[in-house]
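> Quick one: structure below, then a few questions.
The values are calculated or read from the model by the stated rules, or taken from the named source; none is laboratory data. Since the model is a prediction, treat every value here as computed from it, not as a measurement. As a convention, Cβ positions derive from the backbone with ideal geometry for all residues, glycine included, and neighbour counts pool all protein chains shown. Each accessible area value is taken on the protein alone, full model and side chains, heavy atoms only, with ligands, DNA and RNA left out. Shrake-Rupley method; radii C 1.70, N 1.55, O 1.52, S 1.80 Å.
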Amino acid sequence: MTLPKHAQIVVIGGGIIGCSTAYHLARDHKADVILLEQGKITSGSTWHAAAGFHVLNSDPNIAGLQGYTVKLYRDIEAESGQSCGMHMPGGYSIATSPERWEWLQTETAIYETLGIGARLATPEEIVERCPIVAPQGLLGGLFDPHEGAVDPHGTTHAFAISARRRGADVILRNRVLAITPLPSGEWRLDTEQGPVTAEHVVNAGGLWARRVGRMVGLDLPITPMSHHYLVTDDIPALMALDYEMPCVTDLEGFTYLQPEKKGVILGVYERDPRHWQVDGAPWDYGMDLLPEDIDRISPELAIGFERFPCLQEVGIKRWVNGAFTFTPDGNPLVGPVPGLRNFWVACGCMAGFSQGGAIGLVLANWMTQGDPGADIFGMDVARYGAFASNDRYLRETTGQFYRRRFVMAYPNEELPAGRPLKTTPAYDLQSAAGARFGVVWGMENPQYYAAGEPDFIDPPSVRRAACHRFVAEEVRATREAAGLLDAGVYARYEVSGPGAAAWLDHLLSSRLPEVGRARLAPMLAPSGQLMGDLSVTRLATDLFWLVGSYYLQEWPLRWFRDHLPAAGVQLANLSESHLAVSLSGPRSRDILAALTKEPVDSSRLPFLGTAELDLGAVRARVLRMSLTGELGYEITVPALQQRTLWSTLLEAGIPLGMRPIGMRAQDSLRLEKGYGVWSLEFAPSYTPAMSGLDRFIDWTKPDFIGRAAALAERERNPPQRLVLLAVDSADADVLGREPVFAAGRRVGFVTSGTYGHHVALSLALAYVDTAVLEAGAHGLEVAILGQPRPATWLREVPYDPQGRKLRG
Ligand SMILES: Cc1cc2nc3c(=O)[nH]c(=O)nc-3n(C[C@H](O)[C@H](O)[C@H](O)COP(=O)(O)OP(=O)(O)OC[C@H]3O[C@@H](n4cnc5c(N)ncnc54)[C@H](O)[C@@H]3O)c2cc1C
């Protein structure tokens, strides 16, 4: 077919992701789409994938989307008439260590929250259903009924055939050579068959996606890595079965096993992985395999051959060593690229057969409706900044992800790859004081201070960690005197200009503060879903600071820029140029007073008031606000002065009982006040009425984004509400996403939790069915480490419910 001159949308890439995207655009939105493929359909990673799929994912939103992908296979097969070769015998993830077994029990409870239907299985069941599994050391497993595999060729063609039937043009053997923005706002694509213009471009270039990105000056944080699997001859034990054996993932053994006719596929995630062509596959790379490197993967193969002893006897039909792309966290990059008009990505996908259908669905929604239709932050291209594309950073983080693909992640574990990258100026002072750091968007941030114990190591644990005692001390100091937190993990945006107030008034659902005051300001999507839980401070009539989460920077910025008027408003990102610390606790005012000659009493600095103060040698912007529930201040300075500010505050505060504190203490303190935070309690999956953020909405405002939807919601009772629970638990706390039960029925789920050191309660924030709450919330239980524990709804937060300390 000849190349049209113009299309509304050009999708680059005929792998599983590009074909699914073109299909959904054509099916759901009747879009005018051209798919351009340099070779044949499936020419990239897709043709040689093992093409296994599963629904389980630690991100519930992604798990939901994987469920959609799996369900779609039957539909697309029926629609296209092309077999997907789907088989879904289910799969066991097996545990061979006590920690893993405990972890699987937690996971099973969490999957119950998602309604996936996963369940625990005994060793006897696993060996009976999978007779090639050696029982040695087997403690149990997690059974996912939605695990299986497809034929990658048939499945991708099924999408391509259906897309074509619904009007998409699928053009093969036509490489895109260059992409140029036109003054009209459209894109010009130069291809081997000539030029084509398009309003929107989707980079679904898979193995080549990094190179395609560079055509528009974009450096994507993705890299191909090589991956091996072997395919065996028929195995007598499987030939004797009258059912298909389920898949088996040996989590301690680094291998996965899939039935393949009457033989098996055994894939390996080795501990010594290899990157391949970090910049993307060369243009002349065809449908080739990489040479096998069996020596390198032999340690993991040996474990696999012990777990599945029949592999020692059976012939190996085929080795596959191919490449597919990874991002630092293993999730794909999807969505509109910040700063590039109508340029979209759908790449970096390492699990195309679990996620491909859903990526096509959400991207098509997003391109045509302006909203992906689900909370997909975990896949959003805007979750990374430029730092993540650095070659060394990318190698280290993707390598870490690959080698830990099946390795258990403990909640108190901080992984080392790509660190330290960004350190605040006070980093050395914090290190010297015993800080143990976590990392947020590349920035080192103290989690707690192992004060006085330089050799302390926190052993990985799913129960209360050994660092608990340090956190307890930090909480005590904050409640009794003061705590000093490095608040570098906040993002800060400056909005100024004659149109600033009118623009923010439209963007934010709250009333704008007076000059010198701050306010909490939920931001909504037109659908009424939450888009942000910012604080807004008015520094002058036409000058505002918005503060949100540091890791989320690119995400709101994209939203702001999409809504920015042509003139009259300037937007600047101050997140790296300015740094904040939080000082809170009953002595915090005394500490400030010792450092400035200005008055700092409530008349000068009331709750949510702001002032510029000289604190010792630094001039700082001080805002009276805290997340600990204490009298407290956020103190912001140009980044280069943060070290001086830190040491100045330490000098004044230590004699008054102040301690430096980390994020773990802040979590404990915020939970005692029942405060939620973005991505846990507040996210696009939730609404103002569900989350309680509706109390910050100014209902008298005639116009703001999401107003109509929020008003409509106000008329109804939301199905669930965010509440604080105290859980009866002796040595473990919730980790997040655990189900909440009432009379044995699932009625909600936990969003976050920890131990409240001051109130001596294990606390959890949870969304719980409104009907259950209205009926008194009797007999609540929360599963901790898979075991239901009694829980009580705290109608009043356990610490200072009247907020006297905060406002005092
Ligand atoms: C050995 C191996 C085992 C795997 N096992 C599994 C598994 O069990 N389960 C699973 O879910 N996934 C598995 N995968 C990963 C899976 O293959 C990928 O997630 C998936 O194929 C990614 O699809 P894609 O469409 O993003 O990329 P690709 O398949 O790489 O497709 C990109 C397409 O874009 C085209 N293209 C690129 N640049 C241009 C250009 N400039 N102009 C025109 N066309 C262009 C390419 O020719 C190619 O066809 C495996 C992969 C390998 C290699």
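> Simple spin-label model, 7 Å along Cα-to-Cβ: Thr180 to Ala712 in nm?
With each label point 7 Å from Cα toward Cβ, the separation is 4.5 nm.
> Can you give the three extents of the C-alpha atoms in the stretch 224-319 along their principal axes, from longest to shortest, in whole Å?
46, 27, 20
> Going highest first, how would you order 90-97, 11-18 by mean Cβ packing within 10 Å?
By packing density, highest mean first, the sequence is 11-18, 90-97.
> Less than 13 Å Cβ to Cβ from Met379, Lys/Arg counted +1 and Asp/Glu -1: what total charge do the surrounding residues give?
Taking every Cβ under 13 Å from that of Met379, the sum is -3.
> Can I ask one more? Would you report the distance distribution of C-alpha pairs in the chain as whole percents per 20 angstrom bin, up to the bin with the largest distance?
Spelled out per bin, shortest first, that is 15, 46, 33, 6, 0.
> If you average the alpha carbon positions of the stretch 477-497 and of the stretch 1-49, how far apart do those two centres end up, in angstrom?
Value for the Cα centre distance between the two parts: 47 Å.
> Can you check what the net charge comes to around Asp698, using other residues whose Cβ is under 15 Å from the Cβ of Asp698 (Lys, Arg +1; Asp, Glu -1)?
+4
> Further, regarding this structure: Ignoring ligands, DNA and RNA, what accessible area per residue does the stretch 675-747 give at 1.4 Å, in Å²?
Here the per-residue accessible area is 43 Å².
> With all protein chains present, how much of the accessible area of the chain (probe radius 1.4 Å) comes from carbon and sulfur, to the nearest whole percent?
The C+S portion of the solvent-accessible surface of the chain is 52 percent.
> Further question: So if I take the centroid of the Cα atoms in the stretch 501-565 and the same for the stretch 750-808, what is the distance between those two points in Å?
Each part's Cα centre sits 29 Å from the other's.
> Another question, if that's okay. Students sometimes get this wrong: rank Ser45, Ser577 by accessible area, probe 1.4 Å, all chains present, largest first.
Ser577, Ser45
> Roughly how many nanometres apart are two label points built 7 Å out from the Cα toward the Cβ at Lys597 and Val677?
3.9
> Could you work out how far helix 468-480 tilts from the main Cα principal axis of the chain, as a 0 to 90 degree angle to the nearest 10?
The angle comes out near 30 degrees.
> I'd like the distance between the alpha-carbon centres of the stretch 52-88 and the stretch 171-205, rounded to an integer number of Å.
30
> Residues of the stretch 81-108 with the amide nitrogen closer than 16 Å to a label point 7 Å from the Cα of Leu139, along Cα-to-Cβ, please.
Within reach of a label on Leu139: 93-108.
> Which lysines, on any chain, are close to Lys262 with Cα under 28 Å apart, when same-chain ones fewer than 8 places away are left out?
Result set, ordered by chain and number: Lys71, Lys317.
> Between beta-carbons, use under 15 Å as the cut-off and find the net charge around Val278, counting Lys and Arg +1, Asp and Glu -1.
With Lys, Arg at +1 and Asp, Glu at -1, the net is +2.
> Using the Cα atoms of the stretch 440-557, I'd like the radius of gyration and the largest Cα-Cα distance, Dmax, both in angstrom.
19.1, 55
> Heavy atoms only, 1.4 Å probe, whole protein assembly: order Lys30, Lys597 by accessible area, highest first.
Ranked list, largest accessible area first: Lys597, Lys30.
> Rounded to the nearest 500 deg cm²/dmol, what is the calculated helix-only ellipticity per residue at 222 nm for the chain, with -39500 (n - 2.57) per DSSP H run of length n ≥ 4?
It comes out at -8000 deg cm²/dmol, rounded to the nearest 500.
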